[in-house]
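Participant: Here it is, the structure, as structure tokens.
The values are calculated or read from the model by the stated rules, or taken from the named source; none is laboratory data. The model shown is predicted, which means the values in this text are computed figures rather than measured ones. Counting neighbours? That spans all protein chains shown, and the Cβs are built from the backbone with ideal geometry, glycine included.
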Amino acid sequence: GAGVSQSPSNKVTEKGKDVELRCDPISGHTALYWYRQRLGQGLEFLIYFQGNSAPDKSGLPSDRFSAERTGESVSTLTIQRTQQEDSAVYLCASSLGVYNEQFFGPGTRLTVL
Amino acid sequence: GENVEQHPSTLSVQEGDSAVIKCTYSDSASNYFPWYKQELGKRPQLIIDIRSNVGEKKDQRIAVTLNKTAKHFSLHITETQPEDSAVYFCAASPGGTASKLTFGTGTRLQVML
């Protein structure tokens with residue numbers, strides 16, 4: 001079956017603009033995660049969705065970042081008033097449950113000029 | 001919060017030799033420890049994981065050991081091959097939940113012919 005997909009694969013934007021990143025998890029996966037990976041760095045947790053429970057937003061770096069998920073499917077990560085330090089690869093992952101393997105998408109490379 | 005330190009940052013070994021990567025964590029409540037492999041330009045993929053109720057787990061040439069008392073865990077790759085060359089990330093789940101993984105900063109492994 002299809003893996004986790006993300007779009008766009010690359011996004012170049014100007015400082016101050018808003019961007020929206022999309023993640024399509026594997027069908028049937030109830031858990032969905034967003035991570036940020038700066039160049040040469042590890043993965044930084046941003047937010048986690050599990051079914052219909054309230055999301056864990058504790059990793060969001062500022063109130064410019066928000067995310068939504070429609071049921072157990074598509075999720076969007078929105079960054080408002082982008083800054084240059086937001087430049088990174090944003091990775092989405094999904095899993096059957098919290099103790100199951102997380103499958104990662106290919107990421108969206110965001111460049112803020 | 002959880003803090004995961006990973007060493008070394010880079011590791012070069014001759015083909016056929018063993019490679020060991022070590023991680024320490026700070027939250028004694030962490031109980032899930034996955035290892036991910038990320039090839040250049042590709043998404044992270046889970047290669048092995050261990051839960052706190054066991055001290056060692058092996059899968060062919062890959063093994064992970066966990067010392068809960070000392071709060072460290074290690075990845076062991078034996079008989080290394082060129083295709084093992086990649087960045088390896090350890091992670092730990094703080095507070096006993098695997099929903100919010102804290103990642104190490106990665107180890108770039110290069111297997112030389």
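Participant: B:Pro34 passes all but one of (1) touching a residue at least 60 places away in the same chain (Cβ under 8 Å); (2) assigned to a loop (DSSP other than H, G, I, E, B); (3) within 11 Å of chain A (Cβ to nearest Cβ); which number fails?
Facilitator: Of everything listed in (1) touching a residue at least 60 places away in the same chain (Cβ under 8 Å); (2) assigned to a loop (DSSP other than H, G, I, E, B); (3) within 11 Å of chain A (Cβ to nearest Cβ), B:Pro34 misses just condition (2).
Participant: Which numbered condition trips up B:Val13, out of (1) surrounded by fewer than 18 Cβ atoms within 10 Å (Cβ to Cβ); (2) assigned to a strand (DSSP E or B); (3) without any contact (Cβ under 8 Å) to a residue 40 or more places away in the chain; (4) among the β-branched types (Val, Ile, Thr)?
Facilitator: Of everything listed in (1) surrounded by fewer than 18 Cβ atoms within 10 Å (Cβ to Cβ); (2) assigned to a strand (DSSP E or B); (3) without any contact (Cβ under 8 Å) to a residue 40 or more places away in the chain; (4) among the β-branched types (Val, Ile, Thr), B:Val13 misses just condition (3).
Participant: Residues of segment A:75-111 being among the polar types (S, T, N, Q), assigned to a loop (DSSP other than H, G, I, E, B) and surrounded by fewer than 21 Cβ atoms within 10 Å (Cβ to Cβ), which ones? Give the derivation first.
Facilitator: Here is the first cut: in segment A:75-111, the residues among the polar types (S, T, N, Q) are A:75-76, A:78, A:80, A:82-84, A:87, A:94-95, A:100, A:102, A:108, A:111.
Still in the running and assigned to a loop (DSSP other than H, G, I, E, B): A:80, A:82-83, A:87, A:100, A:102.
Hits for segment A:75-111 are A:Gln80, A:Gln83, A:Ser87, A:Asn100.
Participant: Another question, if that's okay. When only residues in segment A:34-55 that are modelled with pLDDT under 95 and of a type in the set (Ser, Thr, Tyr) count, which is surrounded by the fewest Cβ atoms within 10 Å (Cβ to Cβ)?
Facilitator: Among them, the one singled out is A:Ser53.
Participant: Can I ask one more? For segment B:90-112, does any single residue satisfy the condition of being in contact (Cβ under 8 Å) with a residue 12 or more places away in the chain, among the aromatic types (Phe, Trp, Tyr) and away from every other protein chain (no Cβ under 11 Å)?
Facilitator: Within segment B:90-112, none of the residues are in contact (Cβ under 8 Å) with a residue 12 or more places away in the chain, among the aromatic types (Phe, Trp, Tyr) and away from every other protein chain (no Cβ under 11 Å).
Participant: Which of the residues belonging to segment B:58-73 are away from every other protein chain (no Cβ under 14 Å) and under 15 Å from B:Tyr36 (Cβ atoms)? Please lay out each step first, then the result.
Facilitator: Of the residues in segment B:58-73, the ones away from every other protein chain (no Cβ under 14 Å) are B:58, B:60-73.
Residues satisfying the conditions are B:Ile62, B:Val64, B:Phe73.
Participant: Any residue at all in segment B:81-95 that is out of contact with any strand residue (DSSP E or B) (no Cβ under 9 Å at 6 or more places or on another chain) and over 22 Å from A:Tyr33 (Cα atoms)? Lay out the reasoning, then the answer.
Facilitator: At the first step, the residues of segment B:81-95 found to be out of contact with any strand residue (DSSP E or B) (no Cβ under 9 Å at 6 or more places or on another chain) are B:95.
The next check asks that each one be over 22 Å from A:Tyr33 (Cα atoms); those that pass are none.
Checked segment B:81-95: no residue is out of contact with any strand residue (DSSP E or B) (no Cβ under 9 Å at 6 or more places or on another chain) and over 22 Å from A:Tyr33 (Cα atoms).
Participant: Let me ask something additional. If we scan segment A:73-93, do we find a residue that is within 25 Å of B:Ile48 (Cα to Cα), of a type in the set (Lys, Arg) and touching a Gly at 6+ places or on another chain (Cβ under 9 Å)?
Facilitator: Step one: list which residues in segment A:73-93 are within 25 Å of B:Ile48 (Cα to Cα), which gives A:89-93.
Right, trim to of a type in the set (Lys, Arg) and you get none.
There is no residue in segment A:73-93 that is within 25 Å of B:Ile48 (Cα to Cα), of a type in the set (Lys, Arg) and touching a Gly at 6+ places or on another chain (Cβ under 9 Å).
Participant: So which of A:Ser9, A:Ser66 ends up being surrounded by fewer than 17 Cβ atoms within 10 Å (Cβ to Cβ), closer than 30 Å to B:Thr10 by Cα, in contact with a Ser or Thr (Cβ under 8 Å, 6 or more places away or on another chain) and modelled with pLDDT of 95 or more?
Facilitator: A:Ser9
Participant: Sort out for me the strands (runs of 3 or more DSSP E) sitting completely within segment B:55-113 that have 1 or more residues that are aromatic (Phe, Trp, Tyr). If you could, list the steps in order and put the result at the bottom.
Facilitator: Working: elements: B:56-59, B:62-67, B:72-77, B:86-92, B:107-112.
Qualifying strands (runs of 3 or more DSSP E): B:72-77, B:86-92.
Participant: Any idea which residue in segment B:1-51 is modelled with the highest pLDDT, counting only those that are over 17 Å from A:Ala93 (Cβ atoms) and among the basic types (Lys, Arg)?
Facilitator: So the residue we want is B:Lys22.
Participant: Output the residues belonging to segment A:42-57 that are free of Cβ contacts under 8 Å to residues at least 12 places away in the same chain and either in a strand (DSSP E or B) or at the interface with chain B (Cβ under 9 Å from one of its Cβ atoms) (or both).
Facilitator: A:Gly42, A:Asp56
Participant: Also, I was wondering about something else. Scan segment A:68-113 for residues that are more than 14 Å from chain B (Cβ to nearest Cβ), among the small types (Gly, Ala, Ser) and under 11 Å from the mean Cα position of the chain (by Cα) and jot them down.
Facilitator: A:Ser75
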